[in-house]
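Worksheet: one structure, shown below.
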Amino acid sequence: MAAAMEQGTDAFVPYIKICRAPAAVTSAAETRIPSKPKDREVTTTSLTKSRGAGHAGDKVFSAATLAAGCLILVVLFGVALFLVIQAVPALVAPPDKIQGGEGFFTYIWPLVIGTLIASVIALVIATPIAIGVALFISHFAPRKLASGLGYVIDLLAAIPSVVYGAWGVAFLAKEISPSYNWLANNMGWLPIFQGPASATGKTILTAGIVLAVMVLPIITSLTREIFLQTPKLHEEAALALGATRWEMIRMTVLPFGRPGIISAVMLGLGRALGETMAVALVLSSGVLTASLIQTGNQTIAAEIALNFPEASGLKVSTLIAAGLVLFVITLGVNMIARGIITRHKEFSGAN
Amino acid sequence: MSKRIDVKDLNVYYSKFLAVEGVNINIDAKSVTAFIGPSGCGKSTFLRTLNRMHEVIPGARVEGEVLLDGDNLYGPGVDPVTVRAQIGMVFQRPNPFPTMSIRDNVLAGVKLNNTKISKGEADVLVERSLQGANLWNEVKDRLGKPGSGLSGGQQQRLCIARAIAVEPQVILMDEPCSALDPISTLAIEDLINDLKDQYTVVIVTHNMQQAARVSDKTAFFNIAGTGKPGKLIEFGDTPTIFSNPTEKATEDYVSGRFG
Ligand SMILES: Nc1ncnc2c1ncn2[C@@H]1O[C@H](COP(=O)(O)OP(=O)(O)OP(=O)(O)O)[C@@H](O)[C@H]1O
Ligand SMILES: [Mg+2]
């Protein structure tokens, strides 16, 4: 065996010589330099001067990105400023001048709660379905079916919201009202299912379901992309330990995709919070009620859309102030999401 | 706690492409077997058939038999999940789970089979596995930190700890040192020597000296040309393969006169 080792080293000698060769060339070049001072000058100045075109490109690019970044901030700031200035009259007006006659706060808080109820219903329904569908597409379906399904889901995201609203009011509300009756009769002891159920089915629950259908494609296609990015290396590590496919998903795909899932849900929530047309069409609005299957409740966005056309004076200010509140809610939701994501950065798999 | 492997007439396919053809090999229990051969000859492909990881790739399939102490891994009704729990694997690139702490990484495989392991038992197992992988002293103060925060060599030893924590019958290693510095490489080679007392170890390596240092037997794989299937050319005691091989191709390869 020792002989073999020696043979091995012998065989490597020519290889080492080849490696040496370029070094010899460099040293030859170095020895030539002193005889040619011009060369040397070029070498030293090249540290302070730069290639013209490449550097200019760098500058243009960084300036362009800076400008784009500033533009977004300016637009955002402008919108916020507009909202605040326009909203101030409603905030300082005497309570009896505001719609409802009891001040802005009394006017807005049922709308805030209504908005949150509708959005939460939408997310509670949509998130598990979206994650399930995304996992099916990314890890279970045969490849052909997966790409077809992915395509259909992306198409769903392109349907305008008024179409969803029309579907909700013309079809879903009618079809679903019998089951509201059933809920009222059998689970009426729960405050959220307290009867009598709405005969038309145009309730906040229906609106939430329509919103769920609308945010489903967003959450699905985003989470699908995230799931597909799980490193094969980690998936195989789990499988090689004897994990079933579901265990592999629990050990690698879901933890790896966690920040992405949160972002996707937040994007979905953003759409649900701000959705106007679908809710305006589906929900026959009213005062705040705990029951999800009675007529009642209203969301901020739908309230603004329905009242803005005929509004004037203080009423406009009130509606804009409502918009400002929605803006703040969305901002808060996004900040919470960011907080959740950064808190787990250490274990995120990005390092 | 260690079993032998006998492979009979194994053909390995990627869809229609025959990647490895007609392998017959008998791997003894409690021994180290090295696979050597030029790039693309199917060492990794063949290794992955030994714990049914090959079929994870879409379209990949196998013909023939792999017997673990006489039981065919590819027999009807055999669950690949069970097979993989008994035959551990260490990959070329260290792949600890980045979302888990060092401790949870070691316990990852154990928790799959035994979800109700008590904290005390788990602590003992973590220490024993990390000791076994020569990593305990370096990480004992930061078991709660993420596994991805370790150096490459430490990560690879963490992967070995994770593999031995489930007490497999066989450990497969695919170029476990190729991403490591010489010192980490030596640490892992020492570790392989220790593992041999308890486990059957199969290791793929491009480093001839490493094969000579760690293995009892060596298998040389070769390929006739691109698009042709890889084949097992020669299999024998490591000293024989390196100093007195039967085949001309083996001699050329181990002496560096290849190609
Ligand atoms: N996922 C795959 N799909 C199709 N063909 C593959 C796949 N992986 C490997 N192959 C082919 O199978 C053959 C054997 O590859 P394999 O990775 O087993 O070689 P290897 O001996 O491990 O090489 P190396 O020493 O470079 O790691 C090669 O021709 C390769 O192109
Ligand atoms: Mg390989």
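Quick notes on this structure:
- Taking the criterion of being open to solvent by 10 Å² or more (accessible area, probe 1.4 Å) and within 13 Å of ligand 2 (Cβ to nearest atom), the residues of the range B:44-53 that qualify are B:SER44, B:THR45, B:ARG48.
- Number of the condition not met by B:ILE164 [criteria: (1) away from ligand 1 (no atom under 16 Å from the Cβ); (2) open to solvent by 10 Å² or more (accessible area, probe 1.4 Å); (3) part of a loop (DSSP other than H, G, I, E, B)]: (3)
- Residue in the range B:237-258 that is out of contact with any Ser or Thr (no Cβ under 8 Å at 6 or more places or on another chain), modelled with pLDDT under 90, within 16 Å of ligand 2 (Cβ to nearest atom) and within 14 Å of another protein chain (Cβ to nearest Cβ) present: no
- Selection within the range B:4-40 - under 13 Å from B:GLU175 (Cβ atoms) and either touching a Gly at 6+ places or on another chain (Cβ under 8 Å) or open to solvent by less than 10 Å² (accessible area, probe 1.4 Å) (or both): B:ALA34, B:PHE35, B:ILE36, B:GLY37
- Single unsatisfied condition, B:VAL56 versus (1) among the aliphatic types (A, V, I, L, M); (2) within 16 Å of ligand 2 (Cβ to nearest atom); (3) surrounded by fewer than 16 Cβ atoms within 10 Å (Cβ to Cβ): (3)
- Some residue of the range B:171-180 being modelled with pLDDT of 90 or more, more than 16 Å from ligand 1 (Cβ to nearest atom) and either under 25 Å from B:GLU127 (Cα atoms) or open to solvent by 10 Å² or more (accessible area, probe 1.4 Å) (or both): yes
- Test: residue in the range A:278-293 that is part of a helix (DSSP H, G or I) and either open to solvent by 10 Å² or more (accessible area, probe 1.4 Å) or not aliphatic (A, V, I, L, M) (or both): yes
- Residue list for the range B:92-128, filter: closer than 18 Å to A:PRO231 by Cβ and open to solvent by 20 Å² or more (accessible area, probe 1.4 Å): B:GLN92, B:ARG93, B:PRO94, B:THR99, B:MET100, B:ASP104
- The residue list B:ALA224, B:ALA219 contains one member that is more than 13 Å from chain A (Cβ to nearest Cβ), of a type in the set (A, V, I, L, M, F, W, C) and open to solvent by less than 70 Å² (accessible area, probe 1.4 Å), which is B:ALA219.
- Spans of helices (runs of 4 or more DSSP H) in the range A:182-255 with at least 2 residues farther than 21 Å from B:GLN86 by Cα and away from chain B (no Cβ under 14 Å): A:204-228
- First in the range B:196-210 and farther than 22 Å from B:SER243 by Cβ, second anywhere and within 16 Å of ligand 1 (Cβ to nearest atom) and open to solvent by 40 Å² or more (accessible area, probe 1.4 Å), Cβ under 8 Å, 6 or more apart: none
- Taken over the range B:117-138, residues that are of a type in the set (S, T, N, Q) and assigned to a helix (DSSP H, G or I) amount to 3.
- If the condition is being assigned to a helix (DSSP H, G or I) and in contact (Cβ under 8 Å) with a residue 60 or more places away in the chain, then the range B:211-238 contributes B:ALA211, B:VAL214, B:THR238.
- On inspection, B:VAL139 does not qualify as away from chain A (no Cβ under 14 Å), touching a residue at least 24 places away in the same chain (Cβ under 8 Å), surrounded by 18 or more Cβ atoms within 10 Å (Cβ to Cβ) and under 30 Å from B:ALA19 (Cβ atoms).
One line per residue, one yes/no per condition, for (1) in a loop (DSSP other than H, G, I, E, B); (2) in contact with a Ser or Thr (Cβ under 6 Å, 6 or more places away or on another chain); (3) more than 17 Å from A:ALA301 (Cβ to Cβ):
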{"position": "A:ALA80", "(1), (2), (3)": "no, no, yes"}
{"position": "A:LEU83", "(1), (2), (3)": "no, no, no"}
{"position": "A:PRO110", "(1), (2), (3)": "no, no, no"}
{"position": "A:THR115", "(1), (2), (3)": "no, yes, no"}
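- Matching option when the condition is open to solvent by less than 10 Å² (accessible area, probe 1.4 Å), assigned to a helix (DSSP H, G or I) and in contact with a Gly (Cβ under 8 Å, 6 or more places away or on another chain), among B:ILE183, B:ILE188, B:ILE241, B:ILE192: B:ILE188
The values are calculated or read from the model by the stated rules, or taken from the named source; none is laboratory data. Predicted model, so just to flag it, every value in this text is computed and none were measured. Note that each Cβ is placed from the backbone with ideal geometry, even for glycine, and that neighbours are counted across all protein chains shown. The accessibility values were calculated without ligands, DNA or RNA, using every heavy atom of the protein model including side chains. Shrake-Rupley method; radii C 1.70, N 1.55, O 1.52, S 1.80 Å.
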